[in-house]
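First comes the structure, then the notes that go with it.
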Amino acid sequence: MATTLMRNTAPREHPGRYYGFTSAVAVLAIVGAGFTAVRAGAFDGGAFDVPFAFWLTAGLAVIAELRPTRWGGLWMSPIASIYLVYVLATMVTWGFLPALIAQSAAMSLLVAQIHASGWRMVFNLSQQGLALCVAWFVWNGIAGGTTWNGDAIELIAVFAAGTSWMLTSTALVAGRQSLRTGRPWRELALDWLKSEWALRATQIAIAPILATAAMSSWWLVAASAIPIFSVYRILQTAADREREADHDPLTGLLNRKGFQEVVDGKLADAAETKTAVAVLILDLDRFADVNSALGHEVGDQLLVELAKRFTTDKPPGKEIAHLGGDEFAFVWSELDGMTDPMECAREIRARLDAPIVLSDVSIEVDGSVGIAVFPDDGADFQTLFRHADIAMYESKQRAGSYTRYGAEFDHHSPERLHLLGDLRRALDHPDAPGVNLFYQPQVRLADGAVIGAEALLRYSHPERGVVNPAEIIETAEHSSVMRMLTERVVDIALRQLRAWKEHGYDLRMAVNVSVRDLQSPEFTDFLTERIDAYGVDAAKLQLEITESALMADPRRVLQNVQRLSDLGVGISLDDFGTGFSSMQHLRRLPVTEIKIDKSFVTTLIDDPDNAAIVSTTIDLGRALDVEVVAEGVEDENVRKQLEGWGCHAGQGWHFAKPMSADAFERWMADHRKHN
């Protein structure tokens, strides 16, 4: 039998065409079986006057499927059914209808054991029924409908009939699978034939031997079961080895290969039933500490105990894998719109709550879970697995329990890789268009004087147009392109700072720098060289760093920031209040300015909590003898309140929106006239 589970293919949803195809095959099978039965004389008198040898043969066909043998077909469900031997022998000895009955009985038992859906059962019964119709016509056309005698013509006829059965069955399943996955029909059919031809050829070759035995004596049929079931045992041994290749020897759970096969099958089913499938990856925290402190043997016992916990009371539709080391993977299928995929993650986390006691040692187990859901987060195994892995690492970075995949976490998606390549090409040549800066004024609140501007990145993509700066930073910061981007931004900013000086504007320039820049000692050398090249005062350059950058590697960052401060460059702590930096780090950092994040500033009039945070931060800046700049000043009421609290400067749309260099100079000229 051949059911249809895909491997390494992305299910495409064609439910209407799929159900239509299944229905058409079912109708053809019913009509074809009736027509063939009439042509075969199945309803003539004495058609069911069959000897005991038939019932024995049919019974053996059913018994053969009591334990379906797992077999590693490529894209097919890995089931090797040996009832084909008995069905062909029945057809050439007692006719079409007895063979159809034996085949349908064996098939029904088999699909029930593998828990096939109703539509799949209908399709498989119909598919094999049509294949048997074709086989009978081939047999009858060559052998002329004679009773089996075992001569050369009949031998050729049974081989041809068996081959036609195999080709018809394969063609129908390939057509059905093509509708489910979008892969070409011819490619699917060839894949299966390459994988299964030897097995099917063996079964077809045994059929004439069984037919000859059946025509001689029923006890020869019984005796022939021994070599036939020996083939079964060979298949079972091969299947056991196949299973070992799909399972983790330590825990007995699926390994990654077996997990992929299971997920591929569930995705194909979900595409038909319009349900969701959740793929989850769990990474244990501090598992290496267990190995180091208690030994690898205890670490292995811990993994085995966890596997037992995960498999206890396993709900339907759930499968579990041990990917190796401290990673487990889970798949939940048949999730409907009422089921929250996050519940799956919570269920996994709940099984980690109680400690595991090994060798009188109580071990607390914790971990991070990443979640990706079909079809929203990916349409195939590779995409879902990668996205779940990305979500898991995001969960670790957040020190959280579980996280569902979001595109913003993915720094290496195909779209971002294309964007990264285009950005690199724009940065390879100093005069290439695309990367530019806009400038937003910073205004002293006490007298309204413009003291400087923040340089804001703008990138105009040749096809996408202006790209969100946050997307650019997220894409570049994990690659060497970040260094190229920072150097281009610094270069443009210093050039503009010199131009302002030449035009009589004594302004400072604030430039954002990344964690990658602050961790590199070469950045200070580059900055020194560019400041000298443009002949600007280092004190007019203000580098804005975030609290998260400070906390990424405090020792190295503090070291490099101190070098920048020694150069004379101002250091501004950006987005203050949104991170988790300690007062100790803030005290040690050579900060000249604190910038309060706009999320607190914009709503301070209406939100007492935000007002308290802003006023306290201004007091903190005064105590540390650093200036405070408020971002997100959107109206006059906010400006007045900030001035009343003693805030040094403000920045926001109340003063001006970000502008190009030319527009900024026009705005400056106009601002001077009115102030």
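Right, Ser368: touching a residue at least 24 places away in the same chain (Cβ under 8 Å), among the hydroxyl-bearing types (Ser, Thr, Tyr), open to solvent by 60 Å² or more (accessible area, probe 1.4 Å) and assigned by the TED database to the domain that holds Val262 or not? Give the derivation first.
Details: touching a residue at least 24 places away in the same chain (Cβ under 8 Å): yes; among the hydroxyl-bearing types (Ser, Thr, Tyr): yes; open to solvent by 60 Å² or more (accessible area, probe 1.4 Å): no; assigned by the TED database to the domain that holds Val262: yes.
Judged against the criteria, Ser368 is not a match.
Within segment 238-256, identify whether any single residue is in a helix (DSSP H, G or I), under 25 Å from Phe381 (Cβ atoms), open to solvent by less than 10 Å² (accessible area, probe 1.4 Å) and at pLDDT 70 or above, and answer yes or no.
Within segment 238-256, the first condition is being in a helix (DSSP H, G or I), and the residues that meet it are 238-246, 256.
Those still in the list that are under 25 Å from Phe381 (Cβ atoms) too: 238-246, 256.
Remaining after also requiring open to solvent by less than 10 Å² (accessible area, probe 1.4 Å): 239.
In the following step, the residues that additionally are at pLDDT 70 or above were identified as none.
The answer is no, given that none of the residues of segment 238-256 is in a helix (DSSP H, G or I), under 25 Å from Phe381 (Cβ atoms), open to solvent by less than 10 Å² (accessible area, probe 1.4 Å) and at pLDDT 70 or above.
I'm trying to understand the selection: among the residues of segment 379-394, which are of a type outside the set (D, E, K, R) and at pLDDT below 85?
Here is the first cut: in segment 379-394, the ones of a type outside the set (D, E, K, R) are 379, 381-385, 387-388, 390-393.
Within segment 379-394, Tyr393 is the sole residue that qualifies.
Based on this model, can you work out whether Arg444 counts as without any contact (Cβ under 8 Å) to a residue 60 or more places away in the chain, in the same structural domain as Ala656 (by the TED database) and open to solvent by 40 Å² or more (accessible area, probe 1.4 Å)? Give the derivation first.
Values: without any contact (Cβ under 8 Å) to a residue 60 or more places away in the chain: no; in the same structural domain as Ala656 (by the TED database): yes; open to solvent by 40 Å² or more (accessible area, probe 1.4 Å): yes.
For Arg444, the condition - without any contact (Cβ under 8 Å) to a residue 60 or more places away in the chain, in the same structural domain as Ala656 (by the TED database) and open to solvent by 40 Å² or more (accessible area, probe 1.4 Å) - is not met.
Ile348 is checked against (1) in contact (Cβ under 8 Å) with a residue 60 or more places away in the chain; (2) farther than 11 Å from Leu280 by Cα and fails just one. What number does that condition carry?
(2)
Listed here are the residues, each with its yes/no results for (1) open to solvent by less than 30 Å² (accessible area, probe 1.4 Å); (2) within 15 Å of Gly650 (Cα to Cα); (3) at pLDDT below 90; (4) within 43 Å of the chain's Cα centre (by Cα).
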| site | (1), (2), (3), (4) |
| --- | --- |
| Asp575 | no, yes, yes, yes |
| Leu586 | yes, no, yes, yes |
| Leu604 | yes, yes, no, yes |
| Asn610 | yes, no, no, yes |
| Thr617 | yes, yes, no, yes |
| Ala623 | no, no, yes, no |
| Val628 | yes, yes, no, no |
| Gly632 | yes, yes, no, yes |
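Within segment 520-535, restricting attention to residues that are part of a helix (DSSP H, G or I) and at pLDDT below 85, which residue is most open to solvent (accessible area, probe 1.4 Å)? First the steps, then the outcome.
So in segment 520-535, the residues part of a helix (DSSP H, G or I) come out as 521-534.
Retained after the next criterion (residues that are at pLDDT below 85): 521-522.
Numbers: Pro521: 59, Glu522: 115 Å².
If we take residues in segment 520-535 being part of a helix (DSSP H, G or I) and at pLDDT below 85, then Glu522 is most open to solvent (accessible area, probe 1.4 Å).
What tally of residues in segment 465-511 results from selecting those that are of a type in the set (S, T, N, Q) and farther than 29 Å from Glu627 by Cα?
Of the residues in segment 465-511, the ones of a type in the set (S, T, N, Q) are 468, 475, 479-480, 486, 496.
Checking the rest, the ones that are also farther than 29 Å from Glu627 by Cα come to 468, 475, 479-480.
Going through segment 465-511 one residue at a time, the tally reaches 4.
Name the residues in segment 634-673 that are surrounded by fewer than 14 Cβ atoms within 10 Å (Cβ to Cβ) and touching a strand residue (DSSP E or B) at 6+ places or on another chain (Cβ under 8 Å), would you?
Across segment 634-673, the qualifying residues are Lys657, Ser660.
Name the residues in segment 371-396 that are small (Gly, Ala, Ser) and either open to solvent by 40 Å² or more (accessible area, probe 1.4 Å) or in contact with a helix residue (DSSP H, G or I) (Cβ under 8 Å, 6 or more places away or on another chain) (or both), would you? Reasoning before the result, please.
Our first condition is that a residue be small (Gly, Ala, Ser); within segment 371-396, this holds for 372, 378-379, 388, 391, 395.
Listed by number, the residues that qualify are Ala372, Gly378, Ala379, Ala391.
Among (1) buried (at least 16 other Cβ atoms within 10 Å of the Cβ); (2) in a helix (DSSP H, G or I), there is one condition Asp300 misses while meeting the rest; what is its number?
(1) is the only condition that Asp300 fails.
Pairs under 6 Å by beta carbon, first residue touching a residue at least 60 places away in the same chain (Cβ under 8 Å) in segment 512-532, partner open to solvent by less than 20 Å² (accessible area, probe 1.4 Å) and in a helix (DSSP H, G or I), six or more apart or different chains?
Cβ pairs passing all conditions: none.
The values are calculated or read from the model by the stated rules, or taken from the named source; none is laboratory data. Just so we're clear, the structure is a prediction, and the values are computed from it rather than from any experiment. Neighbour counts are summed over all protein chains in view; Cβ atoms, including those assigned to glycine, are modelled from backbone coordinates with ideal geometry. Note: areas computed on protein heavy atoms with side chains; ligands, DNA, RNA excluded. Shrake-Rupley method; radii C 1.70, N 1.55, O 1.52, S 1.80 Å.
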